[in-house]
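The structure appears below as structure tokens.
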Amino acid sequence: MNRRSKLALAVCGVAILSLTLVAYGYQQPAPSEEPASPQTMPAPTMTKLADGVYHYFGFFGSSLVVVSDDQVLITDPSNPARAQSLKDEIAKLTKTPVTTIALTHEHYDHVGGTGVFPDAEVVCHINCQPNFDLDSLGDVPIVDTTFEDQLEIPVGDKTVQLHYLGPGDGEATTIIYMPEEDIIVTADMYEPRALTHKNWVDDKNFTGTRYILNTISQWPITHAINAHSPGTDPMDMMENVEYYNDLYEAVYSALAAALEQGGFPALFGVFQSLPNTLQLSKYQDWANYDTSFPRHVERMLQAITHAD
Ligand SMILES: [Zn+2]
């Protein structure tokens with residue numbers, strides 16, 4: 001790696017962490033007499049979910065870790081610093097090196113750091129590569145294996161499934177599922193009782209996200225790992241299924257009423273007024289509602305009328 005790449009990585013890592021903190025609404029600690037220190041970042045945790053199956057949470061990001069005698073599968077190393085922390089925590093569980101890295105989608109804040117695991121096979125949906133080709137900062141991985149609809153990866157006596165159900169957050173949205181353990185991993189599809197911040201919804205397909213969440217909510221799930229919060233309660237996901245359904249119904253009804261009254265020209269009026277007038281009071285206590293709900297209405301309007 002040359003010096004420019006290293007610099008880019010360092011800048012990128014700091015930028016991504018800062019953006020992540022802001023985007024996902026992490027609270028700053030209350031002001032105190034103590035000087036601010038970088039150690040306010042919570043220590044990483046490795047939580048056992050089932051035999052040989054763990055949830056790593058560190059640097060404000062989640063990874064699934066599946067361990068067998070001679071294989072280790074992980075998801076989303078994210079960036080070199082986080083990947084090293086993940087590697088250190090895995091070393092407390094097994095001497096076996098990471099053999100497979102399954103990426104949840106193409107967004108750069110999830111896919112960096114694969115170089116920390118030099119022997120691992122990197123798996124990403126076929127839609128990842130065209131987005132990696134556009135990278136300027138130099139931390140996207142070399143993808144070894146792609147898939148289109150579904151891929152099954154055996155890890156010892158366990159099975160890890162990768163499902164593509166269409167665009168959700170990005171174009172390569174991959175749902176990772178362990179059918180024996182009923183453990184699911186989604187990334188950037190939802191946050192517990194929080195709207196995805198308005199800065200990060202431009203590449204989120206709102207009808208696609210609704211479709212994916214409704215589909216996977218029918219699967220048996222004991223633990224639902226999401227990208228940027230430490231909890232795995234499936235109820236967090238179910239509340240978001242309801243949110244996306246409620247948002248869709250409210251926006252669709254307004255569009256249908258306008259069409260009936262004024263035909264297609266009336267749709268322009270809905271685009272202008274609805275983001276400022278629609279409220280879903282059920283969700284007003286969720287984080288980011290005040291700042292980001294109007295943008296969610298816009299994105300759902302665009303998804304219904306424009307397919308993205
Ligand atoms: Zn994303």
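Read-outs: derived from the displayed coordinates by stated rules, not from any lab. The shown structure was predicted, so the numbers you read here are calculated from the model rather than taken from an experiment. Positions of Cβ are backbone-derived with ideal geometry, glycine not excepted, and every protein chain shown enters the neighbour counts.
Some notes on this structure:
- Anisotropy class assigned to segment 129-205 is oblate, per the alpha carbon gyration tensor with a/c at or over the 1.5 cut-off and a/b no larger than b/c.
- Fewest-first ordering of 241, 98 by other beta carbons within 10 Å of each residue's beta carbon gives 241, 98.
- For residue 155, residues with placed amide H under 5 Å, excluding near neighbours: 160
- Database remark: amide H of residue 121 closer than 5 angstrom to the amide H of 100, 101 (H placed geometrically; neighbours at sequence offset of 5 or more, or on other chains; Pro and chain starts carry no H).
- Taking other Cβ atoms within 10 Å as a rough exposure proxy, 68, 85 sort from fewest to most as 68, 85.
- Couplings for segment 212-218, taken from phi via the Karplus curve 6.51 cos²θ - 1.76 cosθ + 1.60 with θ = phi - 60°, read 5, 4, 5, 5, 6, 5, 7 Hz in order; Gly and Pro are left as x.
- Trypsin sites (Lys or Arg not before Pro) within segment 38-143: DSSP coil, no more than 16 neighbouring Cβ in 10 Å: 92, 95
- Residues 158, 282, sorted so that the one with the fewest Cβ neighbours within 10 Å comes first: 282, 158
- Beta bridges per DSSP with both ends in the chain, % antiparallel, nearest 5: 70 percent
- Cα centroid of segment 195-245 to Cα centroid of segment 85-139, whole Å: 22 Å
- The amide H of residue 78, built 1.01 Å from its N in the peptide plane, has 111, 112 as neighbours under 5 Å, considering only residues 5 or more places off or on other chains.
- If the convex hull is drawn through the Cα atoms of the chain, its volume per residue in Å³: 149 Å³
- Counting only aspartates and glutamates at least 8 places from residue 158 when in the same chain, those with an alpha carbon closer than 13 Å to its own are 51, 69, 70, 180, 181, 182.
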